[in-house]
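Please read the structure below before turning to the comments.
The values are calculated or read from the model by the stated rules, or taken from the named source; none is laboratory data. Since this is a predicted model, take the numbers as computed values, not measurements. When we count neighbours, we look across all protein chains shown, and the Cβ atoms used for this are built from the backbone with ideal geometry, even at glycine.
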Amino acid sequence: MANDITTRYQSILDRIQKACNDCGRDPAGILLVAVSKTKPDNDLHRLIDEGHLHFGENRAKALEKRMESVPDRSIQWHFIGTLQSNKIKYIAHRVNWIQSVHKKSALKEIEKRAGGFNRVINTLIQVNISDEDQKSGCDPAQLEEILKYAQDLKFTRVCGLMGMATYTEDPEKVRPEFQLLKNVFEEHQHLNKGSVQLEHLSMGMTNDLEVAIQEGSTMVRVGTAIFGERNY
């Protein structure tokens, strides 16, 4: 069936492969996060059967529920939505990645909650690259202060940056936004110390993943193109 989830999943893998081939990158260097919000657990199991293990949710309570209903310990769970510090307690026991940290207070809360479970949580600092007020993220000028604070954390590891580009049907229009994030990433490499090791760039979704990969993305976040339209 043309709309089968495994067919759609393979189509995304093929797009990643082609994008990497076109710009001389190794597709093994691109991590696909399948964003499953509102879809049934069975859809995740079908992808797990295909060998896929990275899944994302954008609401803390939804992720908490998902981690309980799909308890496979090999899964890497990503929280990718707007981060509210008071919701971190719901996911700290199991989440592997929090991609949307945008201020020191969130890092402080993650450190507290992760420490309570004696586990390390990987994080990405979200940078606002679109100048859209509704898109969360710190200003690039705030990033150095956040990273310096994170260097001495024990249970929180900052592994890179995340950005959400302007939604557009023409992916070329967001190339400058991805270039901005890559430049910010490179400019802050000198702050790699202790719990700050900037290795990943999470940027690119269904509409613009090819451009994101061309501009240096190491993680792409894809939902509807894999799971189909959502039931809201």
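A few remarks follow.
- Of residues in the stretch 21-33 being under 19 Å from the mean Cα position of the chain (by Cα) and not in a loop (DSSP other than H, G, I, E, B), the one farthest from Q76 (Cα to Cα): P27
- Tally, over the stretch 175-204, of residues that are part of a loop (DSSP other than H, G, I, E, B) and without any contact (Cβ under 8 Å) to a residue 24 or more places away in the chain: 1
- Members of the stretch 55-91 found to be touching a strand residue (DSSP E or B) at 6+ places or on another chain (Cβ under 7 Å), closer than 18 Å to Q126 by Cβ and either small (G, A, S) or not in a loop (DSSP other than H, G, I, E, B) (or both), listed by number: G56, E57, A60, L63, W77, H78, F79, G81
- Sub-9 Å Cβ pairs linking a first residue in the stretch 111-123 that is over 8 Å from F155 (Cβ atoms) and touching a residue at least 12 places away in the same chain (Cβ under 8 Å) to a second residue that is part of a strand (DSSP E or B) and among the charged types (D, E, K, R), at least 6 apart or interchain, are N122/R157; T123/R157, ordered by first then second residue.
- Failed criterion for V120 (all others in (1) under 25 Å from A212 (Cα atoms); (2) within 18 Å of the chain's Cα centre (by Cα); (3) surrounded by fewer than 22 Cβ atoms within 10 Å (Cβ to Cβ); (4) among the aliphatic types (A, V, I, L, M) hold): (1)
- Those residues of the stretch 63-98 which are small (G, A, S) and more than 25 Å from L201 (Cβ to Cβ), in sequence order: S69
- Filtering the stretch 133-169 to residues that are modelled with pLDDT under 95, over 19 Å from the mean Cα position of the chain (by Cα) and not hydroxyl-bearing (S, T, Y) leaves D133, E169.
- Qualifying residue in the stretch 128-137 (condition: free of Cβ contacts under 8 Å to residues at least 12 places away in the same chain, within 27 Å of E215 (Cα to Cα) and part of a helix (DSSP H, G or I)): no
- Residue check, H200 in contact with a Ser or Thr (Cβ under 6 Å, 6 or more places away or on another chain), surrounded by 15 or more Cβ atoms within 10 Å (Cβ to Cβ) and either among the hydroxyl-bearing types (S, T, Y) or over 18 Å from E57 (Cα atoms) (or both): yes
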